[in-house]
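Engineer: One structure coming up, written as C-alpha cells, with questions to follow.
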Amino acid sequence: MRKSVKAVQMRKVFKAVQMACILALLVGMFTACGTAGSTGTTTSNAQSASGSSVKKIGIVQIMEHPSLNTIRESFIKQLADRGFKDGENIKIDYQNAQNDQTNLKTICQKFANNKYDLIVAIATPSAQAAAGETKNIPVLFAACTDPVGSGLVASLDKPGANVTGTSDAVSAEKIMELAKRITPDIKTIGALYNSGEANSVSVVNNLKEYASKNGMTVVEGTVTNTSEVQQVAQSLVGKADALFLPIDNTVASAMPVVAQVANAAKKPVYVGADSMVKEGGLATYGINYPVLGQETANMAIEILNGKKPADIPVKTMDEMDIYLNKDTAAAIGVTFPDDVVKEAKQVFGK
Ligand code: TRP
C-alpha cells in the first residue's frame, strides 16, 4: 500500500517536472523567436513591405572601383555588427551596373517592382536612377558629393521625399591649399572629369571659384566614358601645371591610366578621394570612406525601424585627412614638405 502511494506521489512529481519542462521549452522558443528578428538596438517585428519579416534590401552600385567597393563592404559589415545579417533577418540583393545607364535603370526597376523594403544606391548616378524609379520605397544613397545639386534632396537638413543618405562632399579649396603647399608654383590647373556626373560638376565649379580668387586658371578636359580618359589626360598634361580630379566615378575607374600619363609628363595629380591617391594620384584632402559606409548603415537601420527618409537629414563627413603617395612623388621628382607628411593620415607607396 505504502509503496503504491509513494508510486502515485512519484508519478505526480514526475508529471509536474514534465509540465515544467514543456513550459520552459515553450517560453524558450518564444524568446528565441523574439530575438531572431531583432537586434540589440531594435525590437521591431514589423512586417516588410513585401509581406515577409525578412526585409529585402537592394544595393545598386554604378560600377566597380575600390572606393565604392569599400563603402559597400563597410555598409554590410556595420549592418551585421548591429544585428542585421544577410540571409538571416535581412536579404541583400547586390547589383552592379558595370557603368551602364541602361543597366542602372533595369536594376532599379526590378528593385521597385519587387517592392524591396529599402534601396541603397552607391554613388550619384545610381541614386539618381533609383530616385527616378520609385516615390514610395525608401532610397538611401551613399557617398553622393552634392545631393542638392544633383537633384536628390530638397535640402540637406530636410530631404523632403523618399530619398536621403550620406555625402562625401569635399572642399576644392582645401585640396588646392594642400596642392600649393606641395607644389607652390602651379598656376594652370587641368580639371579632368565626366561632365555628365553632377557630383563632379559641382566640385569643378568650386575649383573655378577658388582659381579666379587666387590668380589661377582652370582648363577643362571632360570625358563621357572611361575609354576617353587616356587621351583627354594626355592633352591636359600638355596644357596644365597640375591635374585636378574631382570625386568622379568615370575617371576614378581609370585612375592607373591617368597616373601613367601624368607621371610620364612629370605633372602632379591632385584628387578627391584616398583611393585615387592609392592608385597613383599625388595627394588629397579627403574623407574616410569606411566611416561613411558605417554611417550609411546606421541610417539604413533607422529606416528599417520605420523612420521616414524625408525626416532624416543627409549626413556629411566633417572629418577630413591628408593622403599622400610617395611613389608618385618620386616618379615626378616632388618632395613632400615635412609638415605635410607629419599631418598626413596615410602615406601610400613603398
Ligand atoms: N562621390 C561620388 C558620387 O557622388 C562617388 C564616389 C565615392 C567616388 N567614392 C569615390 C567617386 C571615389 C570617385 C572616387 O558619385
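The values are calculated or read from the model by the stated rules, or taken from the named source; none is laboratory data. Because the structure is predicted, anything quoted here is derived from the model rather than measured. In this analysis, Cβ positions are derived from the backbone assuming ideal geometry, glycine residues included, and neighbour counts consider all displayed protein chains. Surface accessibility is based on the protein's heavy atoms, side chains included, excluding ligands, DNA and RNA. Shrake-Rupley method; radii C 1.70, N 1.55, O 1.52, S 1.80 Å.
Engineer: Within the range 135-163, take every residue that is over 13 Å from the mean Cα position of the chain (by Cα) and β-branched (V, I, T) and give me the one that is farthest from the ligand (Cβ to nearest atom).
Structural biologist: I137
Engineer: Out of all the residues in the range 110-122, which are away from the ligand (no atom under 15 Å from the Cβ) and either under 14 Å from the mean Cα position of the chain (by Cα) or buried (at least 17 other Cβ atoms within 10 Å of the Cβ) (or both)?
Structural biologist: F111, A112, Y116, D117, L118, I119
Engineer: Turning to a different aspect of this structure: Any chance you could count how many residues in the range 156-202 are part of a strand (DSSP E or B) and closer than 27 Å to A112 by Cβ? Full working, then the answer.
Structural biologist: Of the range 156-202, the ones part of a strand (DSSP E or B) are 163-167, 188-194.
In the following step, the residues that additionally are closer than 27 Å to A112 by Cβ were identified as 163-167, 194.
So the answer is 6.
Engineer: For A169, only one of the following conditions fails: (1) open to solvent by 20 Å² or more (accessible area, probe 1.4 Å); (2) of a type in the set (G, A, S); (3) more than 26 Å from I322 (Cα to Cα); (4) in contact (Cβ under 8 Å) with a residue 40 or more places away in the chain. What is its number?
Structural biologist: In the conditions (1) open to solvent by 20 Å² or more (accessible area, probe 1.4 Å); (2) of a type in the set (G, A, S); (3) more than 26 Å from I322 (Cα to Cα); (4) in contact (Cβ under 8 Å) with a residue 40 or more places away in the chain, A169 misses (3) alone.
Engineer: So which residues in the range 288-334 are in contact with an Asp or Glu (Cβ under 9 Å, 6 or more places away or on another chain) and over 20 Å from A130 (Cα atoms)?
Structural biologist: N288, Y289, P290, V291, Q294, T316, M317, D321, I322, Y323, N325
Engineer: Quick one: which helices (runs of 4 or more DSSP H) lie wholly within the range 253-350 and hold at least 3 residues that are under 27 Å from I186 (Cβ atoms), open to solvent by 10 Å² or more (accessible area, probe 1.4 Å) and not charged (D, E, K, R)?
Structural biologist: Where helices (runs of 4 or more DSSP H) fall fully within the range 253-350 and carry at least 3 residues being under 27 Å from I186 (Cβ atoms), open to solvent by 10 Å² or more (accessible area, probe 1.4 Å) and not charged (D, E, K, R), they are 255-264, 326-332.
Engineer: While we're on this one: Against the conditions (1) surrounded by 11 or more Cβ atoms within 10 Å (Cβ to Cβ); (2) modelled with pLDDT of 95 or more, where does T39 fall short? Just the number, please.
Structural biologist: (2)
Engineer: Looking for something within 16 Å of the ligand (Cβ to nearest atom) and surrounded by fewer than 21 Cβ atoms within 10 Å (Cβ to Cβ) - is there at least one such residue anywhere in the range 228-242?
Structural biologist: Keep residues of the range 228-242 that are within 16 Å of the ligand (Cβ to nearest atom), which gives 229, 233.
Next, from what is left, pick out any that are surrounded by fewer than 21 Cβ atoms within 10 Å (Cβ to Cβ): none.
No, the range 228-242 contains no residue that is within 16 Å of the ligand (Cβ to nearest atom) and surrounded by fewer than 21 Cβ atoms within 10 Å (Cβ to Cβ).
Engineer: I59 is checked against (1) open to solvent by 20 Å² or more (accessible area, probe 1.4 Å); (2) away from the ligand (no atom under 12 Å from the Cβ) and fails just one. What number does that condition carry?
Structural biologist: (1)
Engineer: Could you check, for the range 98-109, whether at least one of its residues is within 22 Å of E64 (Cβ to Cβ), touching a Phe, Trp or Tyr at 6+ places or on another chain (Cβ under 9 Å) and away from the ligand (no atom under 16 Å from the Cβ)? Lay out the reasoning, then the answer.
Structural biologist: Restricting attention to the range 98-109, the residues satisfying the condition of being within 22 Å of E64 (Cβ to Cβ) are 98-109.
Still in the running and touching a Phe, Trp or Tyr at 6+ places or on another chain (Cβ under 9 Å): none.
Within the range 98-109, none of the residues are within 22 Å of E64 (Cβ to Cβ), touching a Phe, Trp or Tyr at 6+ places or on another chain (Cβ under 9 Å) and away from the ligand (no atom under 16 Å from the Cβ).
Engineer: Return the only residue of L304, L282, L324 being at pLDDT 95 or above and in the same structural domain as K77 (by TED's automatic domain parsing).
Structural biologist: Numbers: L282 fails: in the same structural domain as K77 (by TED's automatic domain parsing); L324 fails: in the same structural domain as K77 (by TED's automatic domain parsing).
Just one listed residue meets the conditions, L304.
Engineer: Does A154 satisfy the criteria of being without any contact (Cβ under 8 Å) to a residue 24 or more places away in the chain, of a type outside the set (S, T, N, Q) and surrounded by fewer than 20 Cβ atoms within 10 Å (Cβ to Cβ)?
Structural biologist: Numbers: without any contact (Cβ under 8 Å) to a residue 24 or more places away in the chain: yes; of a type outside the set (S, T, N, Q): yes; surrounded by fewer than 20 Cβ atoms within 10 Å (Cβ to Cβ): yes.
For A154, the condition - without any contact (Cβ under 8 Å) to a residue 24 or more places away in the chain, of a type outside the set (S, T, N, Q) and surrounded by fewer than 20 Cβ atoms within 10 Å (Cβ to Cβ) - is met.
Engineer: Within the range 70-102, how many residues turn out to be out of contact with any strand residue (DSSP E or B) (no Cβ under 8 Å at 6 or more places or on another chain) and not charged (D, E, K, R)?
Structural biologist: If we filter the range 70-102 for residues that are out of contact with any strand residue (DSSP E or B) (no Cβ under 8 Å at 6 or more places or on another chain), which is where we start, we get 70, 73-74, 77-78, 81-83, 85, 87-88, 98-102.
Still in the list and also not charged (D, E, K, R): 70, 74, 78, 83, 87, 98-99, 101-102.
Qualifying residue count, the range 70-102: 9.
Engineer: Filtering the range 123-136 down to residues that are of a type in the set (A, V, I, L, M) and touching a Gly at 6+ places or on another chain (Cβ under 9 Å), which residue is surrounded by the fewest Cβ atoms within 10 Å (Cβ to Cβ)? Full working, then the answer.
Structural biologist: Our first condition is that a residue be of a type in the set (A, V, I, L, M); within the range 123-136, this holds for 123, 127, 129-131.
Now narrow it down to the ones that are touching a Gly at 6+ places or on another chain (Cβ under 9 Å): 127, 130-131.
Working: A127: 32, A130: 29, A131: 21.
Among those residues, the one meeting the criterion is A131.
Engineer: Considering each residue of the range 281-297, count those that are more than 13 Å from the ligand (Cβ to nearest atom) and more than 10 Å from the chain's Cα centre (by Cα), and give that number.
Structural biologist: Total satisfying the criteria: 3.
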